[in-house]
Amino acid sequence: MQSRTKAEYSDKEVEALINKEHLRQLLGLELIPSENYVSREVLNAMGSIFTNKYSEGYPGKRYYGGQDNTDAVEQLAIDRAKALFRADHANVQPHSGAPANIAVYQAWLEPGDTVMAMKLDQGGHLTHGQPITSSAKLYNFVRYGMKDVETGEIDYDQMLVVAKKTKPKIILAGFSGYPRTLDYRKFVEIGQQVGAILMADMAHLAGLIAAGELENPLDVGFHIMTSTTHKTLRGPRGGIILSMGEVSNPLKAPSKTINNLPTLIDREVFPGFQGGPHEHTIAAKAVAFYEAAQPEFKLYARQVLANAQILAQELMNNGFKLVTNGTDNHLIQIDMMKSYKIDGRQAQEILDIIGLSANCNAIPNDQLPPYRPSGLRIGTPAITTRGLKEQDMAQIVIWMKEAIRYRNDRKKLNILTKEVQDFAKNFPLPSDL
């Protein structure tokens, strides 16, 4: 049989699309707060030969042979995650943040049990009880939210009232669109009064927590913390579950107690909810946890917050109305209807034209539908990774304002596109370094 050359096997169509996406990322600025850029080392681990290996089970307790290296790399990721977040246990197998949350629900709850979570239009995530999700069909979700949408202050008094009435088994702190700080100690106080376990979904804040720039819920009494491993953590697309309690043999079912949460969660991730873990992704997670433990990462996290503060102020100085009038973290929510009388999707599409990526998002008491909401969500993790500093935030706001102002002027938009591209070229992608 005649052999084929490498070129004959090459998929030119996919190669072309990869190259196009590389160029899009290089010539634009990523303002979506849930996105980031990984290092060359993380990217290499993601594309490593570990992708060839099945490894159902956990280190030392696998169902397939040939596991010496998969056991070692997964244990390395576990140990690094535990140290980074000061947790008793880490499960690094969840494929992303949503499966991590669902695995926790299934580990602790029975169908019909109650979970207390943030109102979805005030920042809560889909997996915190959005009616169209499968978890909302299984469990009863009750809500807490802001006392004052101008400041973002959570109504903890009302939260306690609802908790005493509904007796949730889980009280969930976390969000995907809330720009302020939660008082984790008040969550713990309420949880203790009603006998609920405390779960923190820190998908957005994990990198800032790992760097010590924002408070770690596990330090103040939370039992569980879930997260994605991308976003501010700058790792691969994946999930993680951190928990407090005693770690025991996952092959043996433990009693359903708070102290056994680590093992209950392990058994629900596998075999309860997922099959084989993606060891190439777990290897990349291990690299990301190593990077997050370095002194340079703390400087990065600090810069993310500094950039967000300046970006928020510049937006308000230029007529943008912000939800809660500012931010305490890395993300900013803009009320586009109050700002410029356009909806968030229109704003997203306009900014896309000139190379600024953002995402439309529902805001408190939004009167518009989810696909075309009033809000626009932006943030600073990715642009900070590229090397942008405080002095660059004003220029971003100028481009945003000009693009919206001249949204029907193709010639002006072309000029803005060229300006963004020329600027972005000065800040290489980390994987290109």
Filtering the range 213-254 down to residues that are among the small types (Gly, Ala, Ser), buried (at least 21 other Cβ atoms within 10 Å of the Cβ) and closer than 13 Å to residue 266 by Cα yields 243
Looking at the range 139-154, can you tell me whether even one residue there is of a type in the set (S, T, N, Q), over 28 Å from residue 309 (Cβ atoms) and in contact with a strand residue (DSSP E or B) (Cβ under 9 Å, 6 or more places away or on another chain)? yes
Only listed residue being in contact with a His (Cβ under 7 Å, 6 or more places away or on another chain) and not aliphatic (A, V, I, L, M), chosen from 277, 262: 262
Which pairs have Cβ atoms under 6 Å, sit 6 or more apart or on different chains, and link a residue in the range 108-121 that is not assigned by TED's automatic domain parsing to the domain that holds residue 154 to one that is among the small types (Gly, Ala, Ser)? none
Between 332, 310, which is assigned to a helix (DSSP H, G or I) and touching a helix residue (DSSP H, G or I) at 6+ places or on another chain (Cβ under 8 Å)? 310
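Okay, residues lined up against (1) within 25 Å of residue 176 (Cα to Cα); (2) outside the structural domain of residue 333 (by TED's automatic domain parsing); (3) at pLDDT 95 or above:
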| residue | (1), (2), (3) |
| --- | --- |
| 352 | yes, no, yes |
| 366 | yes, no, no |
| 369 | yes, no, no |
| 376 | yes, no, yes |
| 385 | yes, no, yes |
| 409 | no, no, yes |
| 421 | no, no, yes |
Just need a number here: residues in the range 278-298 that are in a loop (DSSP other than H, G, I, E, B) and either under 14 Å from residue 47 (Cβ atoms) or among the basic types (Lys, Arg) (or both). 1
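To keep it simple, each residue is scored yes or no on (1) in contact with a His (Cβ under 8 Å, 6 or more places away or on another chain); (2) surrounded by 15 or more Cβ atoms within 10 Å (Cβ to Cβ); (3) within 23 Å of residue 207 (Cα to Cα).
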{"residue": "34", "(1), (2), (3)": "yes, yes, yes"}
{"residue": "37", "(1), (2), (3)": "no, yes, yes"}
{"residue": "40", "(1), (2), (3)": "no, no, yes"}
{"residue": "45", "(1), (2), (3)": "yes, yes, yes"}
{"residue": "51", "(1), (2), (3)": "yes, no, no"}
{"residue": "61", "(1), (2), (3)": "no, no, no"}
The range 220-248 - residue that is among the β-branched types (Val, Ile, Thr) and in a loop (DSSP other than H, G, I, E, B) and, of those, farthest from residue 37 (Cα to Cα): 247
Please specify each residue of the range 140-199 satisfying the condition of being assigned to a strand (DSSP E or B) and aromatic (Phe, Trp, Tyr). 141, 144
What about residue 197, is it closer than 30 Å to residue 431 by Cβ and buried (at least 16 other Cβ atoms within 10 Å of the Cβ)? no
Selection over the range 164-189 where residues are touching a strand residue (DSSP E or B) at 6+ places or on another chain (Cβ under 9 Å), surrounded by fewer than 22 Cβ atoms within 10 Å (Cβ to Cβ) and within 23 Å of residue 109 (Cα to Cα) yields a count of 7
Considering only the range 74-97, I want to know if a residue exists there that is part of a helix (DSSP H, G or I), surrounded by fewer than 24 Cβ atoms within 10 Å (Cβ to Cβ) and in contact with an Asp or Glu (Cβ under 6 Å, 6 or more places away or on another chain). no
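The values are calculated or read from the model by the stated rules, or taken from the named source; none is laboratory data. It should be emphasised that the depicted structure is a prediction, and the values quoted were computed from it without experimental measurement. Neighbour counts are summed over all protein chains in view; Cβ atoms, including those assigned to glycine, are modelled from backbone coordinates with ideal geometry.
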